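Structure record follows, encoded as structure tokens.
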């Protein structure tokens with residue numbers, strides 16, 4: 001990514017010397033030797049014996065890992081570490097790991113994916129504490145000792161849901177209400193396969209809650225939004241590719257993915273809506289990963305100032321307080337806290353309740369309603385996709 005001077009200066013201060021232009025990331029082999037250097041800490045000075053790390057993740061984060069792996073391999077800890085990568089639709093990658101695909105480290109779209117891997121015996125049940133055990137970051141600290149920008153544990157990057165429109169914003173898209181006007185054609189991934197799709201649709205619902213609408217009113221908005229959807233590709237990356245190729249006139253997307261598209265020279269513009277949802281992407285060492293010294297060292301690097309600085313340079317909102325403090329000026333801000341909701345704002349137990357409420361394959365209605373489901377809300381509303389655009 002070609003960075004603005006201010007961002008370059010901030011990253012230099014962080015000691016994150018590896019900042020690769022996004023246009024060159026595709027040409028960086030995951031296992032290549034590289035002359036790129038990064039500032040080291042005492043925790044990254046031990047050279048490991050030759051080892052391979054299997055990394056599995058959601059589609060959009062793939063290019064970032066090519067940069068992160070190359071930077072890690074330039075450190076003493078990563079000198080003998082090679083990588084095998086698999087990136088795709090988050091739900092699909094999760095199922096692949098359950099079915100036996102090799103994985104030492106997983107960076108998936110949303111928490112339910114990791115929960116499924118825990119149930120399948122692929123990830124330790126205490127994965128949220130790996131942030132402290134292997135990453136040496138304690139999300140429980142507060143005040144002056146606070147180490148993370150957000151309290152969610154096991155989260156390696158944050159983002160927000162944004163709109164991507166054609167260059168010049170010909171339809172004058174400004175907010176969520178703009179998306180349900182006549183003639184607007186929305187592109188967003190398929191919620192059956194993509195974590196990005198779930199974040200996007202929950203953001204539309206959350207925007208209405210932020211505006212103090214009732215849950216049924218928020219559901220009614222979501223129905224209209226889905227009705228304006230004209231394409232649902234399998235993943236976030238596939239959705240961006242379809243939009244750039246000419247499908248639809250508004251794409252719902254991760255902020256980091258949208259920033260990458262702009263940096264890549266695509267003829268698009270990013271619109272950050274006044275209200276949206278905070279995206280929190282989880283990471284975990286698997287049961288094989290905790291026994292893999294290269295995997296645990298790489299996990300630690302991802303939470304270091306150097307690793308988080310690379311994430312920030314590629315459009316991700318850092319979870320490390322020191323990095324976020326120095327890079328937050330490069331990201332859209334919000335007027336008040338209620339303009340940026342979290343999944344926990346939508347359900348007391350976060351994804352543990354929200355996933356079932358919105359995305360269960362079984363649709364249930366309360367006794368006195370056949371219009372507003374209490375379970376499987378999106379599953380029910382998907383029948384209206386493409387009916388109003």
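Data table
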{"quantity": "Count - residues of segment 238-256 that are crowded, with 24+ Cβ neighbours inside 10 Å and not in a strand (DSSP E or B)", "calculated": "4"}
{"quantity": "Residue 312 more than 18 Å from residue 155 (Cβ to Cβ), in the same structural domain as residue 132 (by TED's automatic domain parsing) and at pLDDT 95 or above", "calculated": "no"}
{"quantity": "Residue match in segment 226-236 (condition: buried (at least 24 other Cβ atoms within 10 Å of the Cβ), part of a helix (DSSP H, G or I) and over 19 Å from the mean Cα position of the chain (by Cα))", "calculated": "yes"}
{"quantity": "Of residues in segment 72-96 being assigned to a helix (DSSP H, G or I) and touching a helix residue (DSSP H, G or I) at 6+ places or on another chain (Cβ under 6 Å), the one nearest to residue 193 (Cα to Cα)", "calculated": "90"}
{"quantity": "Helices (runs of 4 or more DSSP H) contained in segment 294-366 and holding at least 1 residues buried (at least 16 other Cβ atoms within 10 Å of the Cβ) and without any contact (Cβ under 8 Å) to a residue 40 or more places away in the chain", "calculated": "343-346, 351-359"}
{"quantity": "Residue list for segment 156-174, restricted to those being out of contact with any helix residue (DSSP H, G or I) (no Cβ under 8 Å at 6 or more places or on another chain) and either part of a loop (DSSP other than H, G, I, E, B) or closer than 20 Å to residue 202 by Cβ (or both)", "calculated": "158, 167, 168, 169, 170, 174"}
{"quantity": "Check on residue 141, surrounded by fewer than 20 Cβ atoms within 10 Å (Cβ to Cβ), in the same structural domain as residue 103 (by TED's automatic domain parsing) and either touching a strand residue (DSSP E or B) at 6+ places or on another chain (Cβ under 7 Å) or not in a loop (DSSP other than H, G, I, E, B) (or both)", "calculated": "no"}
{"quantity": "Residue 74 surrounded by fewer than 24 Cβ atoms within 10 Å (Cβ to Cβ), over 21 Å from residue 360 (Cα atoms) and in contact (Cβ under 8 Å) with a residue 40 or more places away in the chain", "calculated": "yes"}
{"quantity": "Odd one out for residue 178 among (1) assigned to a loop (DSSP other than H, G, I, E, B); (2) modelled with pLDDT of 95 or more; (3) surrounded by fewer than 20 Cβ atoms within 10 Å (Cβ to Cβ)", "calculated": "(1)"}
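Yes or no, residue by residue, for (1) at pLDDT 95 or above; (2) surrounded by fewer than 23 Cβ atoms within 10 Å (Cβ to Cβ):
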residue: 17; (1), (2): no, yes
residue: 29; (1), (2): no, yes
residue: 45; (1), (2): no, yes
residue: 60; (1), (2): yes, no
residue: 70; (1), (2): yes, no
residue: 89; (1), (2): yes, no
residue: 98; (1), (2): yes, yes
residue: 106; (1), (2): yes, no
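The values are calculated or read from the model by the stated rules, or taken from the named source; none is laboratory data. Computed from a predicted structure; not experimentally measured. When we count neighbours, we look across all protein chains shown, and the Cβ atoms used for this are built from the backbone with ideal geometry, even at glycine.
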